[in-house]
Structure formats: C-alpha cells, structure tokens
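The structure appears right after this line, and notes come after that.
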Amino acid sequence: MTSMEIELKQISKYYQVPGKEKRMVLDNLSLKIESGDSVAIVGPSGSGKSTLLNLISSLDQANSGVILHGEREIGKLGEDEVAQFRNRNLGFIFQSHHLLPQLSLIENVLVPLIPEKDKKIKVEAEKRAQELIDFVGLSGQISQLPGQMSGGECQRTAVVRALIHQPGLLLADEPTGSLDKQSADQLGDLLVSINEKQKVTLVVVTHSMDLAKKMKKIYKLDNGKLSKI
C-alpha cells in the first residue's frame with residue numbers, strides 16, 4: 001500500500017440553474033494533503049464538504065482548477081481510466097454502511113473483488129480480508145449477516161471493504177453520523193489506527209468535532225473557502 005499526496009489548485013465549483021444566478025459552492029480553493037496525513041474537513045450543512053470530497057475522489061468534476069493525485073492530473077484522464085484509477089487507489093466510507101443484507105460479513109468485504117479475473121489477486125485479497133477483519137476486531141462475526149450485527153460492527157465491516165484493494169487514499173463522508181457516541185469513538189480510533197499502521201492518507205468530512213480532533217489537521221469550509229483550524 002502506497003499512501004498518496006493530494007493537491008487541489010484554485011478549484012471552483014458552482015451549480016447553474018436556468019434563469020437563476022449560479023450558486024458558487026467552492027470558490028478558488030487550494031489545498032495540499034501530504035502523503036500519509038490525516039485531515040478533517042468540517043463546516044455547516046450545505047457548505048460543500050461532500051462536494052469537495054466528491055471532487056477529490058473524481059466522482060465529480062470542478063468547473064475550473066487542477067486536482068493532482070501524486071503527479072497525476074485526474075481531469076486529463078478518460079472516463080475508463082478514471083474509473084480504473086479510482087477502483088485501484090481510493091477507498092470510500094459513507095454514513096450508511098451499504099452492506100448487502102443477504103451476504104455475510106466476509107462476503108460483503110469481498111464484493112469489490114467480484115469483477116477481478118486474476119485468481120492470484122483474489123487469493124491474496126481473501127487473505128488480506130481475514131487479516132483486516134482481525135485488525136478491526138470482527139473475527140468472531142465473520143459469518144454473520146448485517147442484520148445480526150450492531151451499527152458499529154457494520155460500519156467497521158464497511159471500513160474493511162474500503163481497504164480490500166489496498167488504497168493509498170481513504171475518503172470518509174460523515175462515517176460516524178449514524179452511530180451512537182461509543183461506536184463513533186471506536187470508529188474514530190480505528191480510522192486513526194488505519195492511517196498510522198496501514199499508512200493510508202485519510203480525508204474525513206464530518207460534523208463531529210470529536211472525530212475531527214482525532215485527525216492531524218482540521219480545516220473549516222465556509223462560503224466556498226477553506227481555513228485551517
């Protein structure tokens with residue numbers, strides 16, 4: 001796993017509704033995230049936190065500016081190249097765990113490998129899945145369905161699934177938003193541990209200052225601008 005440096009240069013993002021003024025979400029924003037760093041982005045609802053995360057992940061495109069993953073400019077890649085890059089280099093965690101209810105914990109973790117045709121890669125990933133499940137403390141629930149697990153256990157399973165391809169960058173959008181305080185604290189500690197021990201660059205968008213304070217750096221997004229806290 002190779003952690004990844006991210007740089008956003010003069011990024012602007014707006015939405016244009018016919019007959020109305022364009023709504024500026026991100027206004028000439030620049031940000032550099034060092035390889036292996038952990039960064040929290042906080043801000044009021046509607047400030048553009050998720051939009052910023054979507055731009056970093058290449059799920060959305062800026063109206064202007066440049067986004068670099070290492071030395072690679074994502075905006076210059078074709079659609080298939082972007083999809084391949086995203087699948088191999090990025091891991092995603094959302095507020096909802098999005099586990100398939102009919103699949104066991106281990107089966108959910110291995111879902112991203114379904115398209116993989118290389119048997120050697122699959123075998124290595126299955127071994128890695130077992131190691132990660134042990135790492136997050138879920139080896140005793142490996143055969144359980146999501147409905148048999150707590151919210152915190154489901155979210156930890158989603159973390160393992162996000163790490164199965166050994167991404168250099170882990171992106172989390174309100175990962176503790178649906179959890180009780182104890183589970184949220186545990187998940188926050190887990191993300192810190194993954195950042196430090198798995199050497200993954202970590203970017204977290206959150207309303208929770210408790211979670212944000214666990215990261216090495218905190219930025220506030222407001223009125224389209226970032227300021228360091």
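Every number in this text was worked out from the coordinates using simple rules, so none of it is lab data. Quick caveat: nothing in here was measured; it's all calculated off a predicted structure. Methodologically, a virtual Cβ is constructed for each residue, glycine included, from the backbone with ideal geometry; neighbour enumeration extends over all protein chains shown.
One table, with the values for the structure above:
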{"read-out": "Computed over region 124-229, Kirkwood Rh from alpha-carbon pairs, angstrom", "value": "14.7"}
{"read-out": "Potential lengthening between Ser150 and Gln182 on full extension [0.36 nm per residue; Cα-Cα distance subtracted]", "value": "10.3 nm"}
{"read-out": "Kirkwood Rh in Å, taken over all unlike Cα pairs in region 157-206", "value": "11.1"}
{"read-out": "Rounded D (µm²/s) - the chain, Kirkwood Rh over Cα pairs, Stokes-Einstein at 4 °C, 1.567 mPa s", "value": "71"}
{"read-out": "Neighbour count of at most 15 Cβ within 10 Å plus DSSP loop: longest trypsin sites (Lys or Arg not before Pro)-free window in the chain", "value": "23-116"}
{"read-out": "Where labels lie 7 Å past Cα in the beta-carbon direction, separation of Asp134 and Gln166 in nm", "value": "1.7"}
{"read-out": "Cross-link reach list, lysines versus Lys127, counting only Cα pairs under 30 Å and skipping chain neighbours closer than eight places", "value": "Lys117, Lys119, Lys197, Lys199, Lys214"}
{"read-out": "For q = 0.24 Å⁻¹, Debye-computed log10 I/I(0) when each Cα of region 97-186 counts as one equal scatterer", "value": "-1.32"}
{"read-out": "Alpha-carbon gyration tensor eigenvalues x 5, square-rooted, for region 1-88, Å", "value": "24, 17, 11"}
{"read-out": "Antiparallel DSSP beta bridges within the chain, percent to nearest 5", "value": "50"}
{"read-out": "Nearest-ten-degree value, helix 181-197 long axis tilted from longest Cα axis of the chain", "value": "90"}
{"read-out": "Tyr219 long-range amide H proximity, modeled H, under 5 Å", "value": "Ala40, Ile41, Val42, Ile229"}
{"read-out": "Estimated FRET transfer efficiency (Gln102, Glu7; beta-carbon r; R0 45 Å; 0.05)", "value": "0.60"}
{"read-out": "Label point distance in nm, Tyr14-Glu126, each placed 7 Å from Cα along Cα→Cβ", "value": "5.4"}
{"read-out": "Sites matching GluC sites (Glu not before Pro) across region 83-150 that sit in DSSP coil, with at most 16 neighbouring C-beta atoms within 10 Å", "value": "Glu116"}
{"read-out": "In degrees, nearest ten, helix 79-89 long axis to first principal axis of the chain (Cα)", "value": "50"}
